[in-house]
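Comments concern the structure below.
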Amino acid sequence: MKETIQAPPCQPFDDAPAGEESPLREILEKTAVPTAPEPAPATLVGRIACFQADGSVEATYDWPAGQIHTRIVQSTLALDPSAVGRECVLAFDRGEIGRPIVVGLLQPAGPAEGPLIIHAENGVVIQSGAARIELREDGEINIQGMYINSQAYGPHRIKGGSVKIN
């Protein structure tokens, strides 16, 4: 029958007897293990802070938590002074927190202030199935559909150089 030998539990290496200071222990405790800086997140939400006289743009952002940075930023879109104060989406060149790039501006939540303006040089067409509204660059407007309803709660005026009905 084979005899099983049980090994004693592992003990941490120590070069000094119990109760005495160990030069090795002191060196290990004092030697700081360098840690890599925390990598930048893929994206952050920041704020456009200002435009410099030379046209450069600064943004502020918070990373890591509690450390506010203000840096000159690169941008993937054209920015103008009306963007100051707006929230922006920032990405980081090569993952470096000190190299921010504005990749977009956040749009305000809720209804837009003022009218929605669609601008196109060569006309606009809105189409759904057989219904179609066309705005042409020469000023002509065409409305087509199976049934077209028009309703007014006040006077309903139709004006033109000439008006043809049927």
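Can we say residue 71 is of a type outside the set (A, V, I, L, M) and assigned to a helix (DSSP H, G or I)?
On the way: of a type outside the set (A, V, I, L, M): yes; assigned to a helix (DSSP H, G or I): no.
For residue 71, the condition - of a type outside the set (A, V, I, L, M) and assigned to a helix (DSSP H, G or I) - is not met.
Name the single residue, out of those in segment 49-68 being outside any strand (DSSP E or B) and of a type in the set (A, V, I, L, M, F, W, C), that is farthest from residue 39 (Cα to Cα). Top of the filtered list is 53.
Based on this model, can you work out whether residue 78 counts as among the hydrophobic types (A, V, I, L, M, F, W, C), in a loop (DSSP other than H, G, I, E, B), more than 22 Å from the chain's Cα centre (by Cα) and more than 17 Å from residue 45 (Cβ to Cβ)?
Working: among the hydrophobic types (A, V, I, L, M, F, W, C): yes; in a loop (DSSP other than H, G, I, E, B): yes; more than 22 Å from the chain's Cα centre (by Cα): no; more than 17 Å from residue 45 (Cβ to Cβ): yes.
Considered against the rule, which asks whether it is among the hydrophobic types (A, V, I, L, M, F, W, C), in a loop (DSSP other than H, G, I, E, B), more than 22 Å from the chain's Cα centre (by Cα) and more than 17 Å from residue 45 (Cβ to Cβ), residue 78 comes out as no.
Among the residues of this structure, residue 105 counts as one that is at pLDDT 80 or above and touching a Lys or Arg at 6+ places or on another chain (Cβ under 7 Å).
If we keep just the residues of segment 84-100 that are at pLDDT below 90 and assigned to a helix (DSSP H, G or I), which is nearest to the chain's Cα centre (by Cα)? Ranking the qualifying residues of segment 84-100, first place goes to 95.
Of all residues being among the hydrophobic types (A, V, I, L, M, F, W, C) and free of Cβ contacts under 8 Å to residues at least 12 places away in the same chain in segment 51-96, which is surrounded by the most Cβ atoms within 10 Å (Cβ to Cβ)? Just the residue, please. By that ranking, first place goes to 68.
In segment 132-159, the qualifying residues are those that are more than 17 Å from residue 122 (Cα to Cα) and among the polar types (S, T, N, Q), and the one that is nearest to the chain's Cα centre (by Cα) is 144.
If you go through segment 105-117 one residue at a time, do you hit one that is touching a helix residue (DSSP H, G or I) at 6+ places or on another chain (Cβ under 9 Å) and not polar (S, T, N, Q)? Show your work before the answer.
Step one: list which residues in segment 105-117 are touching a helix residue (DSSP H, G or I) at 6+ places or on another chain (Cβ under 9 Å), which gives 105.
Cutting the leftovers down to not polar (S, T, N, Q) gives us 105.
Yes, segment 105-117 contains at least one residue that is touching a helix residue (DSSP H, G or I) at 6+ places or on another chain (Cβ under 9 Å) and not polar (S, T, N, Q).
Look at segment 96-142 and say how many of its residues are closer than 30 Å to residue 45 by Cα and of a type outside the set (S, T, N, Q). So that I can check it myself, show each step before the final result.
Filtering segment 96-142 for residues closer than 30 Å to residue 45 by Cα gives 96-119.
Subset that is of a type outside the set (S, T, N, Q): 96-106, 108-119.
Count: 23.
Scanning for something modelled with pLDDT of 90 or more and in contact with a Lys or Arg (Cβ under 7 Å, 6 or more places away or on another chain), does segment 61-74 turn up at least one residue? The answer is no, given that none of the residues of segment 61-74 is modelled with pLDDT of 90 or more and in contact with a Lys or Arg (Cβ under 7 Å, 6 or more places away or on another chain).
The values are calculated or read from the model by the stated rules, or taken from the named source; none is laboratory data. As the structure is a computational prediction, the values presented were derived from the model and not from experiment. Because the Cβ atoms are built from the backbone with ideal geometry, glycine has one as well, and the counts that use them run over all protein chains shown.
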